Amino acid sequence: MQITTWKQNMIDTICHDDDIAKMLKYPTSDALSREALTEDEKLALVKDKIHGTTYVPKTVESQSSYITMGISGFVPQESWRQFSERYVMGYLYFNILVDRNIMEMDEGYRQDLLLQRVYDLFQDNNFYGMGKIQEGNLVENWQQDNRFGGYTIMFRVIDYK
């Protein structure tokens with residue numbers, strides 16, 4: 001299993017996307033029209049706005065956006081009532097959370113735009129497991145008495161045991 005490597009690669013992919021980086025850094029409605037972040041600014045988003053856990057591990061005191069992630073549910077692959085002992089199937093989760101006071105942007109809703117970028121970066125990606133990962137589920141996600149809202153998107157991945 002390559003869970004640690006996968007998480008590091010997912011975090012790296014997310015923090016180096018220009019649009020995601022701007023939406024996480026700037027809580028303003030014009031975030032996407034701002035100048036691109038430097039390499040150091042993008043890396044500073046890790047552990048501040050991008051987390052390799054399913055929760056934000058600190059108290060939030062300002063209006064912000066976050067992307068957290070998790071990996072779970074790895075079981076022997078099942079298809080057409082056949083189980084494989086060689087392959088496992090599991091799920092990669094991305095939680096997109098945006099403070100409700102900064103959701104509206106000039107181009108649309110921040111959580112929708114973040115979701116679109118995460119989907120574009122990972123759907124049909126072949127850097128995790130065997131073959132391509134595919135979206136498996138999308139649910140709305142509200143946290144902390146509806147202070148933060150957004151989505152949880154799940155991708156299915158198959159790998160060697």
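The values are calculated or read from the model by the stated rules, or taken from the named source; none is laboratory data. Keep in mind that what you see is a predicted model, and the values were worked out from it rather than measured. Note: areas computed on protein heavy atoms with side chains; ligands, DNA, RNA excluded. Shrake-Rupley method; radii C 1.70, N 1.55, O 1.52, S 1.80 Å.
Summary of values
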quantity: Exposure rank, largest accessible area first [Ser62, Ser33; 1.4 Å]; calculated: Ser33, Ser62
quantity: Solvent-accessible surface ranking, highest first, for Arg156, Arg110 at 1.4 angstrom; calculated: Arg156, Arg110
quantity: Rel. contact order, % - alpha carbon contacts under 8 angstrom, at least six apart, the chain; calculated: 21 percent
quantity: Distant-in-sequence amide H partners of Asn141 (H built 1.01 Å from N, under 5 Å); calculated: Gly150, Tyr151, Thr152
quantity: Lysine pairs in the chain with Cα atoms under 28 Å, if 8 or more residues apart or on separate chains; calculated: 24
quantity: Heavy-atom accessible surface of the chain: percent carbon and sulfur, 1.4 Å; calculated: 44 percent
quantity: Within the chain, helix-based [θ] at 222 nm, where runs of 4 or more DSSP H residues each add -39,500 (n - 2.57), nearest 500; calculated: -7500 deg cm²/dmol
quantity: Solvent-accessible area per residue for the chain (1.4 angstrom probe, square angstrom); calculated: 56 Å²
quantity: Additional length obtainable on full extension of the chain from Asn137 to Tyr91, 0.36 nm per residue less Cα span; calculated: 15.6 nm
